[in-house]
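The values are calculated or read from the model by the stated rules, or taken from the named source; none is laboratory data. On a predicted model such as this, the values are computed, not experimentally measured, just so you know. FYI the Cβ positions are ideal-geometry reconstructions off the backbone, even for glycines, and counts take in every protein chain you see.
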Amino acid sequence: MKKNKKMVLFVSLILAFALVVTGCTSKPALEEAAGEIKIAVVGPMTGDSAQYGQAFKKATELLAKKVNEAGGVNGKKIKLEIVDDKNDAKEATNVAQKLVSDQDVIGVIGHFSSTASLAASPIYQRAGLVELSPTSSHPDFTSQGTFMFRNVNTQAIEGPILADFAVKDLQKKNIAVIYINNDWGITAKDNFVSAAEALGANITAVESFIGGQTKDFTPTITKIKNTKPDLLFLAAMYSETGMIAQQIKQLDYDIELLGTSSLNNQQLIELAGPAVEGLYLTNNYFPEDPSENVQGFVQEFKEAYGTEPDQFAAVAYDSLDMMISALKVSGPDRAKLRDALAEIKDYPGVTGKTTFNENRDVLKDMIIMQIKDGKFTLFKK
Amino acid sequence: MILQQLINGLTLGSTYALTAVGYSMVFGILELVNFSHGSVYMVGAFLTLIFLTSLKLNFFVSFLLSIILTGLLGILIDKVSLYPLRRKNAPKVTALISTIGVSIFLQNLVMLVWGSETKNFPLVINPGAVELMGVKVSFLQMIIFSMCLVIMIGLNTMIQKTRIGKAMRATAQNAEAAKLMGIDINRVIMITFFIGSALASVAGTMVGMYYQTIDPYIGYMAGLKAFAAAVLGGIGVLPGAIIGGLLIGVIETLSAAYINSGYRDAIAFAVLVLMLVIKPSGLLGKQVSKKV
Amino acid sequence: MKLLHKGIDFYMNHKKLLIMMLLVPIMAVPFFGFSPYMMRMITLSGIYIILALSLNLLTGFTGQVSLGHAAFYGIGAYTSALLAIRFDLSFVYTAIAGGLVAGFFGLLLGLPTLRLNGTYLSIVTLGFCEITRLVALNWMDLTRGPMGLTGIPLPKVFSWVIDKDAEFFYLILILIILTWVAINNLIKSRTGRALISIREDELAAEAMGINILKYKLIAFTTAAFFAGIAGSFYAHYASFIDPQSFTFDESIQILSMVILGGMGSNLGAAFGAVILVSIPEMLRGLQEYRMLMYGAVLVIMMLMRPQGLLGNVKLGDILNKKPVNEEEVSQDA
Amino acid sequence: MHKLQIEGLTKTFGGLTAVNNVAMHVDDNEIVGLIGPNGAGKTTLFNMITGLYTPTSGQLLYQEKDITGLKPDKITDIGIARTFQNIRLFPMMTALENVMIGLHTRTHSTMFDSILRTKRHRTEEKNNIQRAMEILEMVGLESKQDEYSKNLPYGEQRKLEIARAMASNPGILLLDEPAAGMNENETAELTGFIKGLKGLGMTVLVIEHDMRLVMSICERIYVLDYGSKIAEGVPKEIQSNPQVIEAYLGKGA
């Protein structure tokens, strides 16, 4: 009999737990009457990419608070729903289904990786809900449907800029490549390699690694060293770039490094310090930019969280701000929001002037930066 | 290049071996596949780092504190998530799932407390290097490698010679009989967990220092590889864990260097599977004959 | 009390009828007005029910702990996705092909198992799972690697294209029933008894004339076959698959379902699947605390019922007709 | 022709010789005993006959067919079934299911028959249950058919193990210390039961320490000591054989 009691206890515990949790999550729906506009911010809040999702969260919450304090959008408050997709395709589709089912959700900022964004896109498209990804640069993403927007240059744009800089400005002829084996890394590598080869560069080695899994890069570096390149192009996130740079140094190898805008993060310098000294990267957001909106954003962010906002925070901030300015025109209506968003021209964001083209892609000006004396410094506009 | 790659492989292998030794020991005594070991390893590395950077303690003090705290964490994990199951005589897979739960919990706890971004692990030991026949070998590599050997020999001596070691062996062979002989099984298990986890902290710290970076997810692959290394060498056999670790490290490095860097883990696992098919109880494991 | 006894007797005597009656409300699920999100969760649970049922055959009934079930799930998914994309085949064929290819790999993985036991078997299945994922990740020409396969067509059952939530629901329901009946029939037969006897005492089973290799291979192949079918459904349902969906974590998830439900209980495996699909969804509101809670819940569940929800419990036993002694519920897997 | 014939059978483990050049035979419908002090190699001999161990050298013939080195399941199929010294039932299977496992080699429905519930499966299953119940009745366990075997008392577990072995309809039944752990009443009952098996036309080879049981049921007895055969003969001869007495009681007794 004692056992039965335990079983009953167990089942009721689960039920109670479920109730509490569902109770928690459904509460906001009750407040709906107050005239709120619900926008979902989706990204990896847990898992090995959680720092990027957290950047989304911090930046958008900061902006929502500011907008609400200033009276909201046409008198309505912005209500953010922060959702975790673990940067996993399956979770992303679950989240998308959940969000499209909630009629109060007017727009979605997310997802983080192209994989997640791509997986979720058919669901948003079918439901007619805007999916504005601050970071998905896979060329196929926005061609999934008319409700897909992105606020980042595709690799088709960034790759040639980088190749041009490497071959023409730095005068490098022999280039090796290390890329992260995900959809972003592959497109970044492909675009860079084809542009560089077209400019007459010789690609000496192309090596991949698996994000979150590979921690030891010594065999790859040793192999590359043997092909004698004079520049190493890294299509990687800042954390792995830090590791690669450290290990290059440890192997006593001296080579110039070039990376993408994904490296624009103070963390990289904290992580690898002298090992990334001299690294070149493209960028469209520069915290030291003296312009008013950038400094305003950086100040607010520092006050709220005590750290400098990185590329991911900046681009998420811009994305939400663009959505809000579109909402001012369209009102809380999913389809109208899409149309208003598509109309946005020359929006003055902290990540540069932004216009959506007919494919709902953006073309942002890119600058070249270099890490010098432990700081990101402007190298070429 | 092959020599340099071998050195790379041996170093990578010794990081696996370092983790695998503790793993193998816990398994040897409890016959428990402890999936939380990887997370404990990660926690160990984080603790050292936090003492070192946030509390600005001396490296050796930080290291020692981390070893002790991580050891205690091991005991806590056992008391909370495994002891109740042992008492109920639950099937072993239940314990396996329980340790997976602990692993997920620890990983996310660390992420919540210290953030999920990759962190710099300062280089406290001067990383000089010597050059032999055109191959660079850093002192750090040598320290890691000798650490492996010292720990293995130390543990082996302890298990063979000391009283607690004998109690451990008795428990490993037959817990019931050991209990009847007056051995305090729970104490033995507690000490086993303490040592195993403390070693995980040593491994985590050394590996963190070698790569100069750590993040809350380093335990995942390290745990799997340590598991693989321990099994390859013959689980429960300490020298086996070292050989298994080194072998996996070298195979992985050579596959990355000469075959395809994308397939490096796949090849390492394929070799593991193949070796187990040929020698089912691991390289140094004893073939257990059927008891009738 | 007496009434309860009678109730249980009634259940035991009319089990089939009652299960049929239970099917009626389940059949009516699409008419309950659930949101598309709920329907998605229900359908996903359905996929995991098939996965848990199939792993239960291998782990729960035959006692072979596999950490690589996601590999078969993935192989099934990739096989049918490729067949559907390249040859536009009907779901009937892609599902069978997915099952057969997965079954073939199950057979291959099963071969070394005669010589391997316990932990050694687990690490081989784990290795197999990792190898499968890494091949899917690197074999760009076939799988498009990390880009995944997009645009997998909706499932067609002959000329009927399935595109509504309700239709997906009925399709997965049919697959669950087929899997359940097949596995249940298999278990309650000469073959099934042989499988269980291997779990109970491999040596005694061999001495009683059971060809261990043959029956382990049957278990591996059948389990892989049904996992492949689940993968096939998932590919068509999600219309996008990538190697990240079939990781070692996924294997662990499926194994947890079987253990949580209670090894060797089909109903338990189904419950385990539903619970472990629902919990992360219910916890979604916790944002970054979600996985922390999930880990804790996993441990608590194991501690509270080490033998699983329905493990080693026959409904007739519940009213201490035949008390199952907790101390005795030890069978090493 | 002997039913089971063993010639020069030897098994060594490392440097240790567990069974040394043993020759023996069992004839049809005979009850033969195998005795010897602990560690004499009796169970090792059983393990070789049933295929669990491969002999280091020597030959095993069953009905003049060479069965040396065959796999255990093959040997059961051919007609040799056994019980274990330390009962090895299937604990989480019912008594009936345990006996039905014994029927495994005598039935033939495949996994497809089971999944599709073909006629072959259904008729075979019906016959199986009937046959298994008959066997349970023979050992007096018919009322315990639905009990998990682990919940049965010790004596009944022993009986169930014999029933399971009998279910495979063996040409020869090997019993490894069937009376171990039984009280006097149970042993007496067992003695009667084994005698009854002879009446059913069965052939039995039994290892047993209970001398009273051995002497009362066995027609012939083999004695092993330190792996070697030291005596054979009818019970009377064995009882008076000085070598046997020495082996059991030690030198100088």
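For this structure, a couple of remarks:
- When the stretch D:160-193 is limited to residues that are charged (D, E, K, R) and within 13 Å of chain C (Cβ to nearest Cβ), the one that is surrounded by the most Cβ atoms within 10 Å (Cβ to Cβ) turns out to be D:164.
- Scanning the stretch A:229-248 for residues that are more than 15 Å from residue A:219 (Cβ to Cβ) and of a type in the set (Val, Ile, Thr) turns up just one, A:241.
- Across the stretch A:50-78, the qualifying residues are those that are assigned to a helix (DSSP H, G or I) and touching a Gly at 6+ places or on another chain (Cβ under 9 Å), and the one among them that is farthest from the other protein chains (Cβ to nearest Cβ) is A:56.
- Applying the set (1) within 14 Å of chain C (Cβ to nearest Cβ); (2) surrounded by fewer than 17 Cβ atoms within 10 Å (Cβ to Cβ); (3) of a type outside the set (Asp, Glu); (4) touching a residue at least 12 places away in the same chain (Cβ under 8 Å) to residue B:112 leaves exactly one unmet item: (4).
- Leading residue by the ranking (nearest to the other protein chains (Cβ to nearest Cβ)) among those in the stretch B:181-220 that are free of Cβ contacts under 8 Å to residues at least 40 places away in the same chain and in a helix (DSSP H, G or I): B:185
- Of the residues making up the stretch B:237-256, those that are crowded, with 24+ Cβ neighbours inside 10 Å and of a type in the set (Gly, Ala, Ser) are B:240, B:241, B:244, B:245, B:249, B:256.
- For the stretch D:183-200, a residue qualifies if it is aliphatic (A, V, I, L, M) and under 17 Å from the mean Cα position of the chain (by Cα), and the qualifying residues are D:190, D:194, D:197, D:200.
- Residue match in the stretch D:98-113 (condition: without any contact (Cβ under 8 Å) to a residue 40 or more places away in the chain, of a type in the set (A, V, I, L, M), within 7 Å of chain C (Cβ to nearest Cβ) and outside any strand (DSSP E or B)): yes
- Residues in the stretch C:282-306 that are more than 7 Å from every other protein chain (Cβ to nearest Cβ) and within 21 Å of the chain's Cα centre (by Cα): C:297, C:301.
- Checked across the stretch C:111-134, the condition of being under 23 Å from the mean Cα position of the chain (by Cα) and farther than 30 Å from residue C:202 by Cα holds for at least one residue.
- Cβ-Cβ contacts under 9 Å between residues 6 or more apart (or on different chains), taken from a first residue in the stretch A:300-312 that is free of Cβ contacts under 8 Å to residues at least 60 places away in the same chain to a second residue that is assigned to a helix (DSSP H, G or I) and of a type in the set (S, T, N, Q), are listed as A:307/A:266; A:308/A:266; A:311/A:261; A:311/A:262.
- Among the candidates A:336, A:302, A:249, A:228, residue that is over 23 Å from residue A:188 (Cβ atoms), touching an Asp or Glu at 6+ places or on another chain (Cβ under 7 Å) and surrounded by fewer than 23 Cβ atoms within 10 Å (Cβ to Cβ): A:302
- Selected residue (only one of B:130, B:124 is among the β-branched types (Val, Ile, Thr) and assigned to a strand (DSSP E or B)): B:130
- From the options C:205, C:219, residue that is at negative phi, in contact (Cβ under 8 Å) with a residue 60 or more places away in the chain and assigned to a helix (DSSP H, G or I): C:219
- Residue match in the stretch D:6-26 (condition: in a loop (DSSP other than H, G, I, E, B), in contact (Cβ under 8 Å) with a residue 12 or more places away in the chain and more than 8 Å from every other protein chain (Cβ to nearest Cβ)): no
- Of the residues making up the stretch B:270-292, those that are more than 9 Å from chain C (Cβ to nearest Cβ) and either modelled with pLDDT under 80 or within 22 Å of residue C:201 (Cα to Cα) (or both) number 3.
- Checking residue A:282 against (1) in contact with a helix residue (DSSP H, G or I) (Cβ under 9 Å, 6 or more places away or on another chain); (2) of a type outside the set (A, V, I, L, M); (3) surrounded by fewer than 16 Cβ atoms within 10 Å (Cβ to Cβ), the condition it does not meet: (3)
- Within the set A:162, A:170, the sole residue that is at pLDDT 85 or above, touching a Phe, Trp or Tyr at 6+ places or on another chain (Cβ under 9 Å) and buried (at least 24 other Cβ atoms within 10 Å of the Cβ) turns out to be A:162.
- For the stretch C:185-194, the count of residues that are in a helix (DSSP H, G or I) and farther than 12 Å from residue D:114 by Cβ is zero.
- When the stretch A:159-191 is limited to residues that are charged (D, E, K, R) and under 13 Å from residue A:233 (Cα atoms), the one that is farthest from the chain's Cα centre (by Cα) turns out to be A:173.
- Across the stretch C:138-157, the qualifying residues are those that are more than 7 Å from chain B (Cβ to nearest Cβ) and assigned to a helix (DSSP H, G or I), and the one among them that is farthest from residue C:88 (Cα to Cα) is C:146.
- Any hit, the stretch A:313-326, residues being of a type outside the set (Phe, Trp, Tyr), within 14 Å of chain B (Cβ to nearest Cβ), in a helix (DSSP H, G or I) and in contact (Cβ under 8 Å) with a residue 24 or more places away in the chain: yes
- Residue list for the stretch A:265-287, restricted to those being of a type in the set (S, T, N, Q) and away from every other protein chain (no Cβ under 14 Å): A:282, A:283, A:284
- Where strands (runs of 3 or more DSSP E) fall entirely within the stretch A:79-168, those with at least 1 residues that are within 12 Å of another protein chain (Cβ to nearest Cβ) are at A:105-109.
- Answer from A:308, A:343 - the residue that is in contact with a Pro (Cβ under 8 Å, 6 or more places away or on another chain) and among the charged types (D, E, K, R): A:308
- Residue in the stretch C:172-195 that is under 17 Å from the mean Cα position of the chain (by Cα), more than 17 Å from residue D:115 (Cα to Cα) and more than 14 Å from chain D (Cβ to nearest Cβ) present: yes
- Among the residues of the stretch A:193-225, those identified as charged (D, E, K, R) and in contact with a helix residue (DSSP H, G or I) (Cβ under 8 Å, 6 or more places away or on another chain) are A:207, A:215, A:216, A:223.
- Residues located in the stretch B:136-168, provided they are under 30 Å from residue A:222 (Cα atoms), outside any helix (DSSP H, G or I) and either more than 14 Å from chain A (Cβ to nearest Cβ) or of a type outside the set (D, E, K, R) (or both): B:137, B:138
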